[in-house]
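In what follows, a single structure is set out as structure tokens and then discussed.
The numbers here are math on the coordinates, done by the rules we state, and not lab data. Bear in mind the structure is a predicted one, so any value in this text is a computation, not a measurement. Reconstructed Cβ throughout: ideal geometry from the backbone, glycine too, with neighbour counts over all protein chains shown.
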Amino acid sequence: MSRFFTEKYAELVPYTPGEQPKDQQYVKLNTNESPFPPSPGVLAAVEAEAKRLQLYSDPESGEVSRAFAASLGLKQSQVLATNGSDEALNFAFMAFGRELAFPDISYGFYPVFAALNHIPYTEIPLREDLRIAAEDYEGLGKMIVIANPNAPTGLCLSLGEIEAILKANPDQVVLIDEAYVDFGAESAVKLLGEYDNLLICQTFSKSRSLAGARLGFAIGSEALIRDLNTIKYSTNPYNVNRMTAAAGLAALREDFYYKENARTIMENRAWTMAELKKLGFAGTDSRSNFLFVRHPALGGEALYKKLKARGVLVRHFKKPRIEDYVRITVGSREQMAVLLRETEAILKEAQA
Ligand SMILES: *Cc1c(COP(=O)(O)O)cnc(C)c1O
């Protein structure tokens, strides 16, 4: 810390992103990126848009916002395009966060954004089986943030359970983070008409192969979106750059490609989990593009390190209750085959 750093942030512990090492080529299964490249239309759109980079982007991100809203059966005024959904989360915390509640094991950015904005927060423990129990979120008197499916467990709540949380907290914003919703969970978008306290965020980073472009959306009532716009126009009016907006629009037009990829990921997930079980692993019933697994004979950190030494990167969290686990992004069939081959070799070595 320099002597100029303001006291306001002296205690801030920043988010630690998954490592992006440059020392060698890894089979990279640690940050839940898509193994598939963007679709051809996205590449063409980005190239064309690059020629207009001397001009500011559209502060409303009008075209991509209209197309995205239409894909959900909504109006443009019910969505806000953001620089990744991380920005949507930050705007929502700034706009609505007096006090916050979220699960103790979830996306690591929630406590960081809370601390950044000086919002007190309560972490609600997951149940013994790592599930979020809707009853634990009744009448808390705080804004609620839940990732559905949750990360890093991959477990999801039913729409009925989300509805129970919305009903039990009518005077609080309930933010549902749907970063992984395209891999087998049910979106809460269809509840928007009935609950004015529901806010949703989605991202193009995972199922739409655009992690590097940074595009996310907040989705909610016109009133909530208006408030988020107040924050946005006080922070960064041109928050989505031209190439990203063009990429997002093209991706929406080629939705079939991304749906097909999501289907492939779900098939690879089932296959990989079945193979891991044959090797003695147990894990959660993930509805995401990652698996969350543990082995009785090998700790999570040991497995992470041994896999890294063999050129396969997975994610390990040094956190009580989940230390035994690793989170493995589900990639292509070829990537999964390498993961399984190396994991099997590690287990053989450990037994010897
Ligand atoms: C990846 C992720 C996000 C944010 O992704 P962006 O790249 O900022 O859109 C948000 N929430 C969860 C739970 C995630 O895993």
At R0 = 30 Å, FRET efficiency that the Cβ-Cβ distance of residue 123 and residue 274 yields, to 0.05: 0.35
Spelling it out for residue 121: with amide H atoms placed in the peptide plane at 1.01 Å from N, the residues 5 or more places away or on another chain with amide H under 5 Å from its amide H are 100
Would you be so kind as to identify which of 330, 212, 27 lies farthest towards the positive end of the dipole of the chain, taking Lys and Arg as +1 and Asp and Glu as -1 on Cβ and the Cα centre as origin? 27
Please give the helix 242-253 orientation as an angle from the longest Cα principal axis of the chain, in degrees from 0 to 90, rounded to the nearest 10. 70
Amide H contacts under 5 Å for residue 291, restricted to residues at least 5 apart in sequence or on another chain and with H modeled in the peptide plane, are 328, 329, 330
Positive end of the dipole of the chain, charges at C-beta (+1 Lys, Arg; -1 Asp, Glu), about the Cα centre: which of 16, 239, 94 has its Cα farthest in that direction? 16
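If you place +1 on the Cβ of every Lys and Arg and -1 on the Cβ of every Asp and Glu, how big does the dipole about the Cα centre of the chain come out, in debye to the nearest 20?
In debye, rounded to 20, the chain gives about 1040.
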Report the rotationally averaged projected area of the chain based on its alpha-carbon convex hull, in square nanometres. 18.9
Relative contact order of the chain, pairs being alpha-carbon contacts under 8 Å that are 6 or more residues apart, as %: 23
Which residue, 145, 338, 13, has the most motion in a Gaussian network model of the chain that connects Cα atoms within less than 10 Å? 13
Looking at this model, which pairs from 277/308; 28/305; 306/348; 22/259; 232/259 are more than 19 angstrom apart at the alpha-carbon? 277/308; 22/259; 232/259
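Can you bin region 72-225 into rounded, prolate or oblate? Criterion: square roots of the alpha carbon gyration tensor eigenvalues sorted a ≥ b ≥ c, rounded for a/c under 1.5, prolate for a/b above b/c, oblate for the rest.
Judged from the Cα gyration tensor, region 72-225 comes out rounded (a/c under 1.5).
So which trypsin sites (Lys or Arg not before Pro) in region 270-352 pass both tests, a DSSP loop state and at most 13 other Cβ atoms within 10 Å of the Cβ? Provide the component values of the computation, followed by the final result.
Working: sites: 277, 278, 287, 294, 305, 306, 308, 310, 315, 318, 321, 327, 333, 341, 348; in loops: 287, 310, 318, 321.
When the trypsin sites (Lys or Arg not before Pro) of region 270-352 are filtered for loop state and at most 13 Cβ neighbours within 10 Å, 318, 321 remain.
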What trypsin sites (Lys or Arg not before Pro) in region 12-96 are in a loop by DSSP, with at most 13 other Cβ atoms within 10 Å of the Cβ? 22, 51, 52, 75
Charge dipole of region 40-254 built from unit charges on the beta carbon (Lys, Arg +1; Asp, Glu -1), centred at mean Cα; most positive-end Cα among 40, 65, 109 is 40
Hydrodynamic radius (Kirkwood) for region 1-121, which is based on Cα pairs only, to one decimal in Å: 18.5
Which longest uninterrupted range of the chain lacks any chymotrypsin sites (Phe, Trp or Tyr not before Pro) assigned by DSSP to a loop state (not H, G, I, E or B) and surrounded by at most 15 other Cβ atoms within 10 Å? 57-237
Most mobile of 114, 337, 262 in a GNM of the chain (Cα contacts under 10 Å): 337
In Å and on Cα atoms, what radius of gyration and Dmax does region 133-224 show? 13.0, 38
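Shape of region 53-145 from its Cα gyration tensor (a ≥ b ≥ c, root eigenvalues): rounded if a/c is under 1.5, otherwise prolate when a/b > b/c, or oblate?
Note, shape of region 53-145 comes out prolate.
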Could you tell me how many degrees, from 0 to 90 and to the nearest 10, lie between the Cα long axis of helix 62-71 and the main elongation axis, the longest principal axis, of the Cα atoms of the chain? 60
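Give the shape of region 1-60 as rounded, prolate or oblate, defined through the alpha-carbon gyration tensor: a ≥ b ≥ c are the square roots of its eigenvalues, a/c under 1.5 means rounded, and otherwise the shape is prolate if a/b is larger than b/c and oblate if not.
Oblate.
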Helix 333-351 axis, angle to the chain major axis (alpha carbon atoms, nearest 10°): 40
Dividing the helical contributions, -39500 (n - 2.57) per DSSP H run of n ≥ 4, by the residues of the chain yields a 222 nm value, nearest 500 deg cm²/dmol, of -11500 deg cm²/dmol
